[in-house]
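Chemist: Please find one structure pasted underneath; my questions will follow.
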Amino acid sequence: MTCSARIKKPEATVTRTRREVMAGGVLFASVGFAALAQARIISPSPEWAQAMPTAPVAGARITEDYAELVGREAYFWAWPLVNVYVRRLVHEKVAETAIAGALPVAPLNQLGMLSDYITADQRLIPCPNQDVIYGVGALALDLSPVVIQVPDFGDRFWVYQAVDLRTDSFAELGKMYGTTPGFYLFVGPDWKGDAPAGITKVFRASTHTGYVIPRVFQDDSPEDNKAVQIITRQTMMYPLTDYDRTMKSRDWTKLRHELSATGGEDEVKLVVPERFFDVLPQVLADAPPMPGEESRYAQITAVLAAAERDPKVKAALTRAAVEADTRLVAPLIEFRNFGVQLPRYWSTQTNGAAFGVDYFTRTAVAKSNIFVNRPNETQYFYQDLDDSGRRLNGAHHYTMTFAPDQTPPVRGFWSLTLYNKHHFFEPNEMKRYSIGTKTRALKPHLDGSLTIYIQADPPPAGLVDNWLPAPRNGDFSLVIRAYWPKVEITDGSWMPPAVTKMS
């Protein structure tokens, strides 16, 4: 039976005037036969178990062309995993928690917190936001389980993100989950111990390596910054052996500052194509295959074994990595090249930090905007173009106008952030890189609508409070974040307004 015979009147499911369609957890801006077919659940074949080989024949000859074929796919598939693993290798060398450049760095299984918004010179995590106080910690759960503390945040929005090697979240800690103050335990896939008394809940990761990023909301006032300092002193993480049922505290304003490589305007290159396949065996050992990935692992490891025996095969793998980095991964820095396409040239993704086998979205997000939250924690809307489909550029002036009562509907907060073409902040005199809930001086019109002015030059004096500075020259992108989104966002009935070129 054909797809068209099974599905009646697909056009009846399409509605651009009321709301977009949510099907199988994926938001569709438009629906056709192909999209409906993709939404169907794919059942495993009757011979599923037989199709899972232990490995190709050991020692068999492998051609250079085949090695390149496997290498290109492996590079794209494993790029996020290698990215996170290299971060672990960086933290292995850290002896003392400090601020390196613009980010905290801590020894493995510990974290460090900033004491204010992240600054514009940060080049290690693309698309940071300037609405929260960040923390950063690298997990090595093969060395020890870790305890993470949750202080009493009161009414303040907060969420702790904990991701595994695949950048999938494995813990639910945040205001949207009703998390209570106390102690929580992160354990690795092989841990078989018992949680000690006083631990509220245990979260198990599927890999030993991971990353932890607390986010605590702060508005743009000095008073709120002082208030945040008191709370975040108890945001800490440490090995289970250090747990004594007492809430530990640290004044994060006292951390030593040290210089750090910035990588210039672009992101510090953590994934180096020429060394990718030297690191990949450690990554595969850390991240066992998910169901259905056994054959993928078998093919990759067979080629890696051949590369150890034959320098020409190793050279072919390196060529494949360099090519894949240039042709496949690099273009994904542009938001318009991936994700679910929405009206007015916006796009989104609805499986952040829960990518599973959606390898394309996982790598695209890792390249453009790594460490996104789950959709129920944060919904992201991405924009590279104006309402005429032209690339956003600092040579022009733009506006975004939210209709009355149509700012992003959230239970947490929302923001609009501007990034340069590398997805980092472009320095400006105001040191303003986002605007939204945190902006106390934001001024709506008399009818309740809200216009944001996006341009390099300051707008007239009365409009400066609603100004989001753009780079004077060069392309830029916009991101709307809706923290703890309401149902109008999650069901697709709310959409961002157009970005309109004014001059």
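Chemist: Scan the stretch 98-116 and report the pairs whose first residue is within 18 Å of L141 (Cα to Cα) and assigned by TED's automatic domain parsing to the domain that holds M237 and whose second residue is among the acidic types (D, E) and surrounded by fewer than 22 Cβ atoms within 10 Å (Cβ to Cβ), with Cβ atoms within less than 8 Å and a gap of 6+ or a chain change.
Modeler: Here the result reads P107/E96; L108/E92, each pair linking the stretch 98-116 to a residue that is among the acidic types (D, E) and surrounded by fewer than 22 Cβ atoms within 10 Å (Cβ to Cβ).
Matching residues to (1) of a type in the set (A, V, I, L, M, F, W, C); (2) buried (at least 19 other Cβ atoms within 10 Å of the Cβ); (3) in contact with a Lys or Arg (Cβ under 7 Å, 6 or more places away or on another chain):
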{"residue": "Q406", "(1), (2), (3)": "no, no, no"}
{"residue": "V410", "(1), (2), (3)": "yes, yes, yes"}
{"residue": "K421", "(1), (2), (3)": "no, yes, no"}
{"residue": "F424", "(1), (2), (3)": "yes, yes, yes"}
{"residue": "N428", "(1), (2), (3)": "no, no, no"}
{"residue": "R432", "(1), (2), (3)": "no, no, no"}
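Chemist: Right, next: Go through the residues of the stretch 403-410 one by one and say whether even a single one is in contact (Cβ under 8 Å) with a residue 24 or more places away in the chain and farther than 28 Å from P460 by Cα.
Modeler: Looking only at the stretch 403-410, we keep the residues that are in contact (Cβ under 8 Å) with a residue 24 or more places away in the chain, and these are 403-410.
Next, from what is left, pick out any that are farther than 28 Å from P460 by Cα: 409-410.
Yes: one or more hits.
Chemist: Residues E11, E68: which one is more than 30 Å from R250 (Cα to Cα), modelled with pLDDT of 95 or more and over 28 Å from the mean Cα position of the chain (by Cα)? Show your work before the answer.
Modeler: Numbers: E11 fails: modelled with pLDDT of 95 or more.
It is E68.
Chemist: Under the condition of being in contact (Cβ under 8 Å) with a residue 24 or more places away in the chain and surrounded by fewer than 14 Cβ atoms within 10 Å (Cβ to Cβ), which residue from the stretch 461-486 is farthest from E334 (Cα to Cα)?
Modeler: Filtering the stretch 461-486 down to residues in contact (Cβ under 8 Å) with a residue 24 or more places away in the chain leaves 465-486.
Within this subset, residues satisfying the condition of being surrounded by fewer than 14 Cβ atoms within 10 Å (Cβ to Cβ) are 472-473.
Details: R472: 20, N473: 18 Å.
The extreme case among them is R472.
Chemist: Scanning for something surrounded by fewer than 16 Cβ atoms within 10 Å (Cβ to Cβ), assigned to a loop (DSSP other than H, G, I, E, B) and either at pLDDT 95 or above or outside the structural domain of I370 (by TED's automatic domain parsing) (or both), does the stretch 270-286 turn up at least one residue?
Modeler: Scanning the stretch 270-286 turns up at least one residue that is surrounded by fewer than 16 Cβ atoms within 10 Å (Cβ to Cβ), assigned to a loop (DSSP other than H, G, I, E, B) and either at pLDDT 95 or above or outside the structural domain of I370 (by TED's automatic domain parsing) (or both).
Chemist: In the stretch 142-175, how many are under 29 Å from D358 (Cα atoms) and either under 18 Å from the mean Cα position of the chain (by Cα) or free of Cβ contacts under 8 Å to residues at least 12 places away in the same chain (or both)?
Modeler: 17
Chemist: Then there is this: Mind checking which pairs have a first residue in the stretch 189-202 that is without any contact (Cβ under 8 Å) to a residue 24 or more places away in the chain and of a type in the set (G, A, S) and a second that is surrounded by 14 or more Cβ atoms within 10 Å (Cβ to Cβ) and outside any loop (DSSP other than H, G, I, E, B), Cβ under 8 Å, 6 or more apart or different chains?
Modeler: Qualifying pairs under 8 Å: A195/L185; A195/V202.
Chemist: Those residues that are surrounded by fewer than 18 Cβ atoms within 10 Å (Cβ to Cβ) and either aliphatic (A, V, I, L, M) or within 24 Å of T235 (Cα to Cα) (or both), I need them from the stretch 181-190; list them, please. It would help to see each step written out before you state the result.
Modeler: Of the stretch 181-190, the ones surrounded by fewer than 18 Cβ atoms within 10 Å (Cβ to Cβ) are 181-182, 189-190.
Selection gives P181, G182.
Chemist: Residue under question is V187, and the condition is that it be in contact with a Lys or Arg (Cβ under 6 Å, 6 or more places away or on another chain) and of a type in the set (A, V, I, L, M, F, W, C); does it hold?
Modeler: Working: in contact with a Lys or Arg (Cβ under 6 Å, 6 or more places away or on another chain): yes; of a type in the set (A, V, I, L, M, F, W, C): yes.
It is true that V187 is in contact with a Lys or Arg (Cβ under 6 Å, 6 or more places away or on another chain) and of a type in the set (A, V, I, L, M, F, W, C).
Chemist: Could you check the stretch 114-158 and list, in sequence order, the residues that are within 17 Å of V372 (Cβ to Cβ) and of a type in the set (A, V, I, L, M)?
Modeler: Of everything in the stretch 114-158, those that are within 17 Å of V372 (Cβ to Cβ) and of a type in the set (A, V, I, L, M) turn out to be I118, L124, I125, V132, V136.
Chemist: Tell me, yes or no, whether the stretch 363-385 has at least one residue that is surrounded by fewer than 16 Cβ atoms within 10 Å (Cβ to Cβ), free of Cβ contacts under 8 Å to residues at least 60 places away in the same chain and not assigned by TED's automatic domain parsing to the domain that holds T207.
Modeler: no
The values are calculated or read from the model by the stated rules, or taken from the named source; none is laboratory data. Every value quoted in this text rests on a predicted model; they were computed, and no experiment measured them. Ideal geometry is used to build each Cβ from the backbone, glycine not excepted, and the neighbour counts take in all protein chains shown.
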